[in-house]
Every structure is written in structure tokens, then in C-alpha cells.
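Shown next, in C-alpha cells, is the structure this report addresses.
The values are calculated or read from the model by the stated rules, or taken from the named source; none is laboratory data. Since we're looking at a predicted model, the values are computed, not measured. Using ideal geometry, Cβ is built from the backbone for each residue, glycine included, and neighbour counts are taken over all protein chains shown. Surface areas here come from the heavy atoms of the whole protein model, side chains and all, with no ligands, DNA or RNA. Shrake-Rupley method; radii C 1.70, N 1.55, O 1.52, S 1.80 Å.
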Amino acid sequence: MPEDPQSADAEPDPFSVAQTIVYRQLTASPKSRLQLARKLAERNIPEHVAEAVLDKFQEVRLIDDAEFAEMWVRSRSQSRKLAKGALRRELADKGIDQETAASALEQLSDADEEAAARTLVERKLRPGTDLSDQAERDKSVRRLASMLARKGYQPSQAFRIVNEVLDSHGDHDSAAFQSRYP
């Protein structure tokens, strides 16, 4: 059958194009409304079309910023051991409002955050570090506290946790030494 000459030259419907873009984005991974709006803008979708499509997706709950924020906090706090401060910044970058972010961050207790920091320090503590050498210990404290700061932990909290973990390792090392050489 011959093609309709008009359909070959017809511009694709911007609503269909926008929907396809949003479906593809959501298939790859969950996204916030702002992330999807940015992607549509990159693809030169008119703003009124983007808003209409995003409203429709939100209406049928395929876009839910609160659910996205909760999932993001759970995932990033477990996989990257990020502190609330860093998670709050990441959520803001993704267009999540402060109230929604605060609600999502409530699932992390201070104890969870501190345990994550301790786990990180334990994991990053270099084996064989001579903690009895003050210069070596100071270097380790700075390195580990800086690592925690990059993950969003407050400096005072980072230094306290690092020192506590190093102190406990110093105790283990001296106890192991004393058990071998009474």
C-alpha cells in the first residue's frame, strides 16, 4: 500500500514524544518530577506539553516525589553510608522540597547514621597502621574524618567517631599484644 504523503512529513505529536521520554526515563530508574522536567527540556519539549504530561504521570502515581525521596534515602544511606546532610543536598538537587526531604530523612535515626559512620571508618582503617605512633595516628584521624565529612557528617561528629574507633583498635591491638607476650 502506498504511504499517505501527509503522514510521512507530519511532525511527531509532542505529547507522544514527551510520554515516550518519561516512560523510558522511569524504566531506567525512579526519577523525581524535576529530573523528568529537565530531561524533557533537554529534548526541546515545549514547557506546557511537559507540564501536562508530568501532571498526568503524577495523577496516576507513576511520579511520586515523596516515594522517590524515601527510596533515595534508603538506598543511598545503605549503599554509600551518606549522612543526613549529604542526603538532604542530593534530594534538593533532584528537586525534592525541604518538607518532603525532611519526612524521608526521618527514617534514618541518629543511631543508624552513627553506626554507618563507624562501619565506614572500620572498613577504611588501613590494616597495619601503627596507632601508637602519634604522627601516624594523627594522619589516620585526618584522613578518616575527611572521608566522613565528604559523606556529609558534621566535623565534630566525624572526629569523635574516628577517635573512638581508633581508640578501640588501639585497645584491641594492645590486648592482642599482651595475650601473646604476657
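Overview of values
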{"item": "Which listed residue is assigned to a helix (DSSP H, G or I), at pLDDT 95 or above and within 23 Å of the chain's Cα centre (by Cα), from A102, A52, A41", "result": "A102"}
{"item": "Subset of the range 87-98 that is outside any loop (DSSP other than H, G, I, E, B) and touching a helix residue (DSSP H, G or I) at 6+ places or on another chain (Cβ under 8 Å) - its residue that is surrounded by the fewest Cβ atoms within 10 Å (Cβ to Cβ)", "result": "Q98"}
{"item": "Filter result for A41 (free of Cβ contacts under 8 Å to residues at least 60 places away in the same chain, of a type in the set (G, A, S), more than 30 Å from K151 (Cα to Cα) and buried (at least 16 other Cβ atoms within 10 Å of the Cβ))", "result": "no"}
{"item": "Some residue of the range 132-150 being touching a residue at least 24 places away in the same chain (Cβ under 8 Å), among the hydrophobic types (A, V, I, L, M, F, W, C), in a loop (DSSP other than H, G, I, E, B) and open to solvent by less than 20 Å² (accessible area, probe 1.4 Å)", "result": "no"}
{"item": "Meets criteria (modelled with pLDDT of 95 or more, aliphatic (A, V, I, L, M) and closer than 30 Å to A117 by Cβ) for V73", "result": "yes"}
{"item": "A117 vs. criteria in contact with an Asp or Glu (Cβ under 8 Å, 6 or more places away or on another chain), touching a residue at least 24 places away in the same chain (Cβ under 8 Å) and either crowded, with 17+ Cβ neighbours inside 10 Å or assigned to a helix (DSSP H, G or I) (or both)", "result": "no"}
